[in-house]
Amino acid sequence: MRRYVIAGNWKMNKTPAATRAFIGELAPMVAGKDGCDIVLCVPFVDIAVAAEAAKGTNIKIGAQNVHFKESGAYTGEVAADMLLEAGAEYVIVGHSERRQYFGETDETVNLRTKAALAAGLKIILCLGELLEARQAGITEEIVSMQTKLDLAGIPEEDLQNIIIAYEPVWAIGTGLTATPEQADEACGIIRSVVAGLYSQAAADAITIQYGGSMNEKNAAELLAKENVDGGLIGGASLVAEKFTAIALAAN
Ligand code: PGA
């Protein structure tokens, strides 16, 4: 049985005060809804406040990026042990906005994933095709390649700490959602690549989320699909009622 994970990706939204207020509002709404893990990936400066506010609740806290070195002259970057100590349990790696706007490549995604694993963080590893790739009919090739490159050199036992988020870039923040069939198909491709790289048992066990304009209206249909084990939610995770509705759909 795969564990469903519903994760919010706040991106560059909410101050520490707004974070405290949001978790105060969300916690009673999702209390006892333990059919899925509930994670909020917040800006770096919100992590400590979020972890404090989430103490004693079923809400887990994550970051949105991590550097691949343990320390050093990397101005503006944050290391894995800093995230852990601040209270993060999870970290998003390889989000398409990092790839598009900040020069992230499969190589750095792989390095960041390894650094986060070494520190004991759980990873939400994002990948997905651009609109041009889907239109050119090469979604399978792109998603397979990203899965292989991003997981290169990572041993099978570490997969228990990795969630893969399939996020078609054309669906992120656009209001365009992949159809449940498209999401299921791509998540299934990723799962079969994991089977080829590791084992069928590893493929059967790994949580694969869909992300891209998932909301309170379309979540149930997407989550009902065989290969979709949760969601990575941007816009709708900023509103407690909407995020709760998605968590309830996963339950
Ligand atoms: P969205 O973002 O739900 O706003 O489309 C998803 C994501 O970027 O993870």
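Semi-axes of the equivalent ellipsoid of region 1-65: what are they in whole Å, largest first, if each equals the square root of 5 times a C-alpha gyration tensor eigenvalue?
Working: eigenvalues 75, 39, 15 Å².
Gyration-tensor ellipsoid for region 1-65: 19, 14, 9 Å.
Roughly how big is the chain's charge dipole about its Cα centre, with Cβ charges of +1 (Lys, Arg) and -1 (Asp, Glu), in debye to the nearest 20? Walk me through the numbers before you get to the answer.
On the way: 20 positive and 32 negative charges, 110 e Å.
Value, rounded to 20: 520 debye.
Between Ile61 and residues 5 or more places away or on another chain, which pairs have amide H atoms under 5 Å apart, with H built 1.01 Å from N, and which residues are they?
Excluding prolines and chain starts, which carry no amide H, the hits are Leu40, Glu89, Tyr90.
Using Cα pairs closer than 8 Å and at least 6 residues apart in sequence, work out the relative contact order for region 163-251, in percent.
Numbers: 144 pairs, mean separation 29.4, N = 89.
33 percent.
Could you give the longest part of the chain that holds none of the chymotrypsin sites (Phe, Trp or Tyr not before Pro) found in DSSP loops with at most 11 neighbouring Cβ atoms within 10 Å? Display every interim value, and only then the final one.
Numbers: sites that count: Tyr74, Phe102.
Longest run free of exposed loop sites: 103-251.
Under the Kirkwood approximation applied to all pairs of distinct alpha-carbon atoms, what is the hydrodynamic radius of the chain in Å?
On the way: mean 1/r = 0.0561 Å⁻¹.
One decimal place: 17.8 Å for the Kirkwood radius.
Using a 1.4 Å probe, how large is the accessible area of Val239, given in Å² and rounded to the nearest 10?
Approximately 60 Å² for this residue.
Any aspartates and glutamates with Cα under 20 Å of the Lys242 Cα? List them, leaving off those in the same chain fewer than 8 positions away.
Partners within reach: Glu25, Asp34, Asp37, Glu167, Glu216, Glu221, Asp229.
Which one, Ala27, Ala171, Ala17, has the greatest fluctuation when you compute a Gaussian network model over the chain with C-alpha springs under 10 angstrom?
The residue that fluctuates most here is Ala17.
Normalising by the residue count of region 18-82, find the relative contact order in percent from Cα pairs under 8 Å and 6+ residues apart. Show your work: numbers first, answer last.
Working: 70 pairs, mean separation 19.6, N = 65.
With pairs under 8 Å counted, the relative contact order is 30 percent.
Just to be sure I understand: if I project the alpha-carbon convex hull of region 103-242 onto a plane and average over all orientations, what area do I get in nm²?
Details: hull surface 34.2 nm².
Computed as one quarter of the Cα hull surface, the answer is 8.5 nm².
Take the Cα pairs of region 1-143, get the Kirkwood Rh, then feed it into Stokes-Einstein at 25 °C and 0.890 mPa s and tell me D in µm²/s.
Translational D for this selection: 152 µm²/s.
Just by accessible area at a 1.4 angstrom probe, what is the order of Asp106, Asp229 from largest to smallest?
On the way: Asp106 30, Asp229 5 Å².
In descending accessible area the options line up as Asp106, Asp229.
Explain nothing, just the number: relative contact order of the chain, from Cα pairs under 8 Å at least 6 residues apart, as a whole percent. Walk me through the numbers before you get to the answer.
Numbers: 514 pairs, mean separation 53.7, N = 251.
The normalised contact order for the chain reaches 21 percent.
Which trypsin sites (Lys or Arg not before Pro) in region 32-79 pass both tests, a DSSP loop state and at most 16 other beta-carbon atoms within 10 Å? Each step should come with its number before you reach the end.
On the way: sites: Lys33, Lys55, Lys60, Lys69; in loops: Lys33, Lys55, Lys69.
Of the trypsin sites (Lys or Arg not before Pro), the ones in loops of region 32-79 whose Cβ has at most 16 other Cβ atoms within 10 Å are Lys33, Lys55, Lys69.
Based solely on its DSSP helices, what 222 nm [θ] is calculated for the chain when runs of n ≥ 4 H residues each add -39,500 (n - 2.57) and the sum is averaged over all residues, nearest 500 deg cm²/dmol? Kindly include the intermediate steps, with their values, before the conclusion.
Details: 11 runs with 107 residues, N = 251.
Theoretical 222 nm ellipticity from helices: -12500 deg cm²/dmol.
The values are calculated or read from the model by the stated rules, or taken from the named source; none is laboratory data. Small disclaimer: the values here were computed from a predicted structure and weren't measured. When we count neighbours, we look across all protein chains shown, and the Cβ atoms used for this are built from the backbone with ideal geometry, even at glycine. When the accessible area is computed, the model is the full protein with side chains, heavy atoms only, and any ligands, DNA or RNA have been set aside. Shrake-Rupley method; radii C 1.70, N 1.55, O 1.52, S 1.80 Å.
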